[in-house]
1. What single numbered condition from (1) within 16 Å of the ligand (Cβ to nearest atom); (2) surrounded by 15 or more Cβ atoms within 10 Å (Cβ to Cβ); (3) modelled with pLDDT of 95 or more fails to hold for Gly155?
2. Consider the range 416-430. How many of its residues are surrounded by 22 or more Cβ atoms within 10 Å (Cβ to Cβ) and under 21 Å from Leu308 (Cα atoms)?
3. Among the residues of the range 397-426, how many are part of a helix (DSSP H, G or I) and either touching a strand residue (DSSP E or B) at 6+ places or on another chain (Cβ under 8 Å) or of a type outside the set (Lys, Arg) (or both)?
4. Could you count how many residues in the range 7-21 are outside any loop (DSSP other than H, G, I, E, B), more than 10 Å from the ligand (Cβ to nearest atom) and either of a type in the set (Val, Ile, Thr) or surrounded by fewer than 23 Cβ atoms within 10 Å (Cβ to Cβ) (or both)?
5. Going by the structure shown, is Lys130 among the charged types (D, E, K, R), more than 13 Å from the ligand (Cβ to nearest atom) and in contact (Cβ under 8 Å) with a residue 12 or more places away in the chain?
6. Please determine whether any residue of the range 179-194 is within 13 Å of the ligand (Cβ to nearest atom), in contact with a strand residue (DSSP E or B) (Cβ under 7 Å, 6 or more places away or on another chain), within 20 Å of Leu132 (Cα to Cα) and not in a loop (DSSP other than H, G, I, E, B).
7. Pairs, please: C-beta under 7 Å, at least 6 apart or cross-chain, first residue under 16 Å from Val411 (Cα atoms) and in the range 357-379, second charged (D, E, K, R) and assigned to a helix (DSSP H, G or I)?
8. Could you figure out which of (1) without any contact (Cβ under 8 Å) to a residue 60 or more places away in the chain; (2) touching a Ser or Thr at 6+ places or on another chain (Cβ under 6 Å); (3) of a type in the set (Ser, Thr, Tyr) isn't true of Thr45?
Amino acid sequence: MSQVRVRFAPSPTGYLHVGGARTALFNWLYARHHGGKFILRIEDTDRSRSTDEAIEQILESMRWLGLDWDELYRQTDRFDVHRRAAEELLRKGAAYEHEGAVWFRIPRTGVTVVEDLLLGRVEFKNSELKDLVILRSDGTPTYNFACVVDDSDMGMTHVIRGDDHLNNTPKQILIYRALGREPPKFAHLPMILGPDKTKLSKRHGAVSVLEYRRRGFLPEALVNFFARLGWSHGDQEIFSREELVELFDLSGVGKSAAVFDEQKLLWINHEWLKRADLPRLARLLADYIVQEGIATPEEVGQLGEGRLLRAAELLRERNKTLVSMAQAARFLFPRELPWPEEARRYLKPELAEPLEKIAASLSACSGFSPEEVEQAVRGGLAELNLPLKAVAQPIRVAITGRTVSPGLFDVISLVGQEQAVSRLRRAAALCRSSETN
Ligand code: GLU
């Protein structure tokens, strides 16, 4: 077989969404698996709806997902080619002019068969298809026509796209034949449904690829998740990009609709956060801390690399996105923490003394590693004859402002001596004041 050539052909009328990204990924994987070429073709012939901003967003989304292309085309650069092909059809009598537009003539009888690689044989009665405009009166080509001319000129061996295009395929096959050209092989991917089994839409939280980036998802997690929308390999869920390239083929694509499940996406993202290279994760955490307005770039810089690395390592255990890691990192910065109501509940009058005591033992520490912190805390508690359990949660709240955090001694060590002591004292004062209230 000749070298595989496949394409992703987005219309730049909006952002790259889940459905488009899945189509792009499947084509990219197919090309990479077979050692072929992946072509990106911007279908911007509908000038009134296409924008440069959308093109830039699509390219940026593809780059971020790591879906590199071998060739890039813009359909508007090829209007002359489309016009010449339309003239050829006019000459052959396969097209006619009407009200300034050029129309393709659909045969009145017979059937057109789509031999789909996924769906099998699908027959369309020509009598149920309608003649279609191929050049608008302003001379611009329509989708079905430009798509055929370009797929054919660009040597596509396979057209892999969503099954919402299945109804276009017989028309496209008829155009290929009228032009005397060989159609590529077609594979129509199953639909993507929301958890309520209706067609996926924004209602289901399905947003643009770049919005997922903003929400703190890793590109490798999205690639893994999109791959599983319609494709499977046994019951494996976690796939690296390299594994996908090795394993992906159309034989693994199912016929039934795929269901988009955001909980699963969160789970997959968490798995990839846990696997991420730590220096990279620390850099990302720094970016999201700034993005979320938790701290300024200067403040993040002042943390120092060691603390940022340690924070990333600890926070990825319990957080499923970079945004939630960034929010959980608020306690790292040297300012007064907002103590939410559910955290304040732990600061009871009888805790004032133990918290003071622990603050005192921590302020006497000469080093502040988690081990040294543990020793100081346990030493203080022994003098008071209190178990750690009695104060662990109040200390956590005092230090992090939250009721859930990484290990207690880790977080105390991470905020540093000065902040730890001052936060414990402030918490003790709050305990006292709740006594007088
Ligand atoms: N521009 C079309 C779309 O975005 C491409 C469809 C196709 O792949 O042929 O839906």
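The values are calculated or read from the model by the stated rules, or taken from the named source; none is laboratory data. Everything numeric here is computed off the predicted structure, so don't read it as measured data. Cβ: placed from backbone, ideal geometry, glycine included. Neighbour counts: every protein chain shown.
1. Every condition holds for Gly155 apart from (2).
2. Here the count works out to 2.
3. So the answer is 19.
4. Qualifying residue count for the region: 1.
5. yes
6. Taking every residue of the range 179-194 in turn, none turns out to be within 13 Å of the ligand (Cβ to nearest atom), in contact with a strand residue (DSSP E or B) (Cβ under 7 Å, 6 or more places away or on another chain), within 20 Å of Leu132 (Cα to Cα) and not in a loop (DSSP other than H, G, I, E, B).
7. Ala359/Arg425; Cys365/Glu372; Pro370/Asp410
8. Of everything listed in (1) without any contact (Cβ under 8 Å) to a residue 60 or more places away in the chain; (2) touching a Ser or Thr at 6+ places or on another chain (Cβ under 6 Å); (3) of a type in the set (Ser, Thr, Tyr), Thr45 misses just condition (1).
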